[in-house]
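Peer 1: Would you mind keeping the following structure in view while I ask a few things?
No lab work stands behind these numbers, since they all come straight from the coordinates. Please read all numbers here as calculations on a predicted model, not as lab measurements. All Cβ positions, glycine included, derive from the backbone under ideal geometry; neighbour counts span all protein chains shown.
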Amino acid sequence: MQSVIRTTVIGSYPFPGWLEYASQDLSVFGTDDIAEMQDDAVIAALHDQYSAGLDVITDGEQTRFDFNLSFYGYLEGLKLESESPRRFGPPAHDQRGKHEIIATLTAPRGLGAIEEFQRLKRLAAAGPVLKASIPGPYTLSGRLLPNQQYPDRYAITEALLPLVQQELVGLVEAGCTEITIDEPSMSCYAWKEDPIRFVEIFNRTIEPVVGKCRLSTHLCFGNYKGRAVGKREYSPMFPAFLEMKVDELHVEMASREFSELELIGEIAKTKDVAVGIVDVKSYYVESVEDIVERIRRCLAYVTPERLAVAPDCGLSQTARWAARQKLQNMVAGAREVRESL
Ligand SMILES: [Zn+2]
């Protein structure tokens, strides 16, 4: 389904408070309790997305609430979570531990995204497109420490690449029609690394599923507990990133006051462009009028057929009441513009 001014989301959605509470000690629950909890969390995320009226929805990444349910929990060859060097003070990435590699990296049970998609399919009602999202190998490599076997970040990336590939193929086989491959580390480090090398890695990762599924990526400057990480400029990534073999590129514009907006015209020459018009880091809730005005600014550069609108990033770091209202207003604004066309 391809609608005009498609309304979409980046993968994550805030966890319900009870889920955060429960995940502090999952050992008190039985396996069926946990399975029920995972379903319930997804049902809550689906409810909010349905009531907003989005064209594309996700499971809100609601089941990645525990380390063992995250991608790293599926990898063999790791010694988990070395102690974080800084435990107090303002939030930043250095407060998260890195994982030591102690053997060849494998994922004998996959990376969990296929099961997530199957759960989403089972719980979702007919209507919106169901999108899966999975981090790419370069981003995943960021929390693994190099060793003799894998001497640097690129070597770890190469080891993870086939594991991500296998998961992408499995998602398509499971009936998934739209996948976002997230490589936020590529957008964050494009200014100091070789963006052409990034694109080569990215395209090699998605190669087996190109043409078999709608593919997208989200060029993100990071959202660590509401804080950005990268140099928030798109110019270092372009024109190289135009060569990514995706159907849709997403760029964050709202939190950057629509700086470099003309770039979406370049992107739209070869692919659809999803524009972040909702700021996930601000508790100012964009009004329907704001949304209408922002979409009209985008339409100065791209046709409505090429344009999708979304929040700047996943909503996991935004309180649920705000996330819900922001999505509702975004969809209402997109409808208003559609009707006026
Ligand atoms: Zn993001």
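Peer 1: Exactly one condition in (1) closer than 18 Å to Ile57 by Cβ; (2) more than 16 Å from the ligand (Cβ to nearest atom) is not met by Ile277; state its number.
Peer 2: The one condition Ile277 does not meet is (2).
Peer 1: While we're on this one: Please return the ranges of strands (runs of 3 or more DSSP E) entirely within region 189-297 where 1 or more residues are more than 26 Å from Leu168 (Cα to Cα) and touching a strand residue (DSSP E or B) at 6+ places or on another chain (Cβ under 7 Å).
Peer 2: 272-278
Peer 1: Right, next: With the condition kept exactly as written, say whether any residue in region 74-83 is crowded, with 16+ Cβ neighbours inside 10 Å, touching a residue at least 40 places away in the same chain (Cβ under 8 Å) and within 21 Å of the chain's Cα centre (by Cα).
Peer 2: Within region 74-83, one or more residues are crowded, with 16+ Cβ neighbours inside 10 Å, touching a residue at least 40 places away in the same chain (Cβ under 8 Å) and within 21 Å of the chain's Cα centre (by Cα).
Peer 1: Also, I was wondering about something else. Go through (1) within 16 Å of the ligand (Cβ to nearest atom); (2) within 15 Å of the chain's Cα centre (by Cα) and name the single condition Tyr234 misses.
Peer 2: Here Tyr234 meets the rest and fails (2).
Peer 1: Scanning region 3-38 for residues that are without any contact (Cβ under 8 Å) to a residue 12 or more places away in the chain and assigned to a loop (DSSP other than H, G, I, E, B), which turns out nearest to the ligand (Cβ to nearest atom)?
Peer 2: Residue satisfying both the conditions and the ranking: Gln24.
Peer 1: Among the residues of region 316-328, is any of a type in the set (D, E, K, R) and assigned to a loop (DSSP other than H, G, I, E, B)?
Peer 2: No; the residues of region 316-328 include none that is of a type in the set (D, E, K, R) and assigned to a loop (DSSP other than H, G, I, E, B).
Peer 1: How about region 213-231: which of its residues are crowded, with 17+ Cβ neighbours inside 10 Å, away from the ligand (no atom under 12 Å from the Cβ) and farther than 17 Å from Tyr138 by Cα?
Peer 2: Cys213, Arg214, Leu215
Peer 1: Out of curiosity, is Gly110 surrounded by 14 or more Cβ atoms within 10 Å (Cβ to Cβ) and touching a residue at least 60 places away in the same chain (Cβ under 8 Å)?
Peer 2: yes
Peer 1: Could I ask something else about it? Does region 292-331 hold any residues that are surrounded by 17 or more Cβ atoms within 10 Å (Cβ to Cβ), within 15 Å of Leu261 (Cβ to Cβ) and away from the ligand (no atom under 16 Å from the Cβ), and which are they?
Peer 2: Hits for region 292-331 are Arg294, Ile295, Cys298, Tyr301, Val302, Arg306, Leu307.
Peer 1: If you don't mind, another one. With respect to Thr270, is the statement that it is touching a helix residue (DSSP H, G or I) at 6+ places or on another chain (Cβ under 7 Å), free of Cβ contacts under 8 Å to residues at least 40 places away in the same chain and more than 12 Å from the ligand (Cβ to nearest atom) true?
Peer 2: yes
Peer 1: Let me ask something additional. Restricting to strands (runs of 3 or more DSSP E) lying wholly in region 73-151: which have 3 or more residues that are touching a helix residue (DSSP H, G or I) at 6+ places or on another chain (Cβ under 9 Å) and under 21 Å from Asp182 (Cβ atoms)?
Peer 2: 129-135
Peer 1: While we're on this one: Six or more apart or on different chains, Cβ under 6 Å: which pairs go from a residue in region 312-341 that's of a type in the set (Gly, Ala, Ser) to one that's surrounded by fewer than 16 Cβ atoms within 10 Å (Cβ to Cβ)? Could you list them?
Peer 2: Listed pairs, sorted by first residue: Ala322/Tyr283.
Peer 1: Here's another thing I want to ask about it. On the basis of being within 25 Å of Arg109 (Cβ to Cβ), of a type in the set (Lys, Arg) and more than 16 Å from the ligand (Cβ to nearest atom), does Arg197 make the cut?
Peer 2: no
Peer 1: From the residues in region 242-263 that are without any contact (Cβ under 8 Å) to a residue 40 or more places away in the chain and away from the ligand (no atom under 16 Å from the Cβ), which one is nearest to Lys131 (Cα to Cα)?
Peer 2: Looking at the filtered set, the residue picked out is Asp247.
Peer 1: Can you report the number of residues in region 12-47 which are surrounded by 22 or more Cβ atoms within 10 Å (Cβ to Cβ) and within 30 Å of Arg338 (Cα to Cα)?
Peer 2: Final tally of qualifying residues: 6.
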